[in-house]
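Read through the structure below, which is laid out as structure tokens, and then see the notes.
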Amino acid sequence: MAEVTKRMDIGGFLARQGILIAFVVFMIGFSIANARFIDPDNIMGVVRSSAIMGVMALGVTFVVISGNLDLSVGSMMSFSTIVVLDLHDKIGPALAIPAMFALTLCLGAFIGFLVGYLKLNSLIVTLGMLSAIHGLTLTWSGGKNMDIADKEGTWFKVFGQGDALGIPVPILLFALLAAVLGIMLAKTPFGRKVYAVGGNATAATFSGIRRARVVFTCYLLSAFCVATAGLIQASRSLGSQNTVGQGLELEVLAAVILGGASLMGGSGTIFKTVIGVLILGFIQNGLLLVGLQFYVQFVVTWVIIILAVWLDIAAKRGKLWSLIA
């Protein structure tokens with residue numbers, strides 16, 4: 001009996017901490033395979049390159065904890081990037097930035113209205129919006145890539161290329177947004193409502209929580225984070241393809257789930273999402289340093305998503321597998 005209990009304890013521990021254990025094993029293996037992996041410049045580069053995906057993941061964390069999904073963030077990031085680059089030369093960066101944020105928030109509000117107030121399935125809505133926003137982006141750009149004319153003379157590049165106190169601005173924006181949203185989720189009444197709605201929407205409604213308003217606000221927060229990511233991306237390259245965000249929705253979702261947010265809603269934290277983003281970033285960087293082609297990352301991302309979902313379910317039942325469904 002004691003041996004069975006011990007096995008269950010080990011299985012439960014692996015279910016809860018399996019991703020972190022795997023990450024440590026990956027880190028040790030990559031460090032042995034290539035000494036450059038633990039070089040400070042490489043570490044800073046990984047964190048900087050992960051900032052865009054990380055900013056997007058912060059907003060998606062709210063959506064997932066509320067019991068919904070957002071598969072439109074990749075296309076929405078393409079839209080925000082193209083819009084701010086196009087408007088930069090037409091009305092100037094000082095007006096282009098708030099205009100882009102306003103348009104992106106309108107998209108988020110529309111999705112939030114459909115999912116929150118009309119109670120449509122979030123998977124279907126955001127999957128449809130993925131295609132719709134991509135079409136909107138192509139229409140806006142006329143199918144062409146966008147570039148800023150005067151790349152050397154614009155202050156717009158500070159968001160993606162600048163640094164303060166020796167720290168790249170994208171990392172500072174990621175850290176600042178993570179701190180603000182982390183406090184909002186953990187310490188405010190709104191954060192408690194997000195957990196309540198994701199944990200049991202019916203019970204939350206009978207408790208006086210306006211579920212529709214909470215879900216709507218979560219999608220607004222997600223759109224704001226996407227707009228911030230689009231700003232960083234546009235500022236970093238000062239030019240962009242109209243498909244720059246294509247496929248990012250899966251990486252963002254993988255990072256959120258890696259951080260412990262449940263696809264069933266009701267659990268997750270901003271801090272753990274940041275850890276999930278870094279896990280994914282370092283694993284992808286390590287794969288490149290050991291000589292694997294970039295497209296191997298897609299296979300690894302898929303494996304990570306499957307593993308994370310399995311561990312999520314296993315953590316809820318307290319063991320890695322069960323003969324009873």
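The values are calculated or read from the model by the stated rules, or taken from the named source; none is laboratory data. As the structure is a prediction and not an experimental result, all values here were calculated from the model. Glycine gets a Cβ as well: all are built from the backbone with ideal geometry, and neighbour counts include every protein chain shown. Protein only, heavy atoms only, side chains kept; ligands, DNA and RNA dropped before computing areas. Shrake-Rupley method; radii C 1.70, N 1.55, O 1.52, S 1.80 Å.
For the chain, the relative contact order comes to 34 percent (Cα pairs under 8 Å, sequence separation of at least 6).
Here each label is just a point 7 Å from Cα along the line to Cβ, and for ALA132 and ARG213 those points are 2.5 nm apart. When the chain is described by a simple charge dipole with +1 on each Lys and Arg Cβ and -1 on each Asp and Glu Cβ, the residue from LEU165, GLY54, GLY266 located farthest towards its positive end is GLY266.
Quick one: grab the alpha carbon gyration tensor of the stretch 168-253, order the square roots of its eigenvalues as a ≥ b ≥ c, and give me rounded if a/c is under 1.5, else prolate or oblate depending on whether a/b is larger than b/c.
Because a/c hits 1.5 or more and a/b exceeds b/c, the stretch 168-253 counts as prolate.
Think of the stretch 41-248 as a dipole: +1 on every Lys or Arg Cβ, -1 on every Asp or Glu Cβ, centred on the Cα centre; then among SER235, PRO98, THR205, THR205 lies furthest on the positive end. Simple point charges give the picture: +1 on the Cβ of Lys and Arg, -1 on the Cβ of Asp and Glu, and for the chain a dipole about the Cα centre of about 1100 debye.
Per residue, the chain reaches -24500 deg cm²/dmol at 222 nm when only DSSP H runs of four or more residues are counted, each adding -39500 (n - 2.57). Per residue, the accessible area of the chain comes to 48 Å² when a 1.4 Å probe rolls over the protein heavy atoms. Taking each of LYS157/LYS187; LYS119/LYS272; LYS90/LYS144 in turn, the alpha-carbon distance tops 23 angstrom for LYS157/LYS187; LYS119/LYS272. Taking amide H atoms as placed 1.01 Å from N in the peptide plane, the amide H of ASP163 lies under 5 Å from those of VAL169, each 5 or more residues away in sequence or on another chain. Computed over all pairs of different Cα atoms, the Kirkwood value for the hydrodynamic radius of the chain is 20.6 Å.
With every protein chain left in place, what is the accessible area of ASP89 in Å² (1.4 Å probe, nearest 10)? The accessible area of ASP89 comes to roughly 80 Å².
Loop-located chymotrypsin sites (Phe, Trp or Tyr not before Pro) in the stretch 224-305 (DSSP state other than H, G, I, E, B) with a sparse environment of at most 10 neighbouring Cβ atoms within 10 Å: PHE294, TYR295. Just want to confirm a number: the relative contact order over the stretch 131-267, from Cα pairs under 8 angstrom separated by 6+ residues, in percent. It rounds to 37 percent for the stretch 131-267. Across the accessible surface of the chain, with the other protein chains kept in place and a 1.4 Å probe, carbon and sulfur atoms take up 69 percent. When both the stretch 240-266 and the stretch 30-89 are represented by their alpha-carbon centers, they are found 9 Å apart. Taking all protein chains as they are arranged and a probe of 1.4 Å, the heavy atoms of MET44 leave approximately 80 Å² accessible to solvent.
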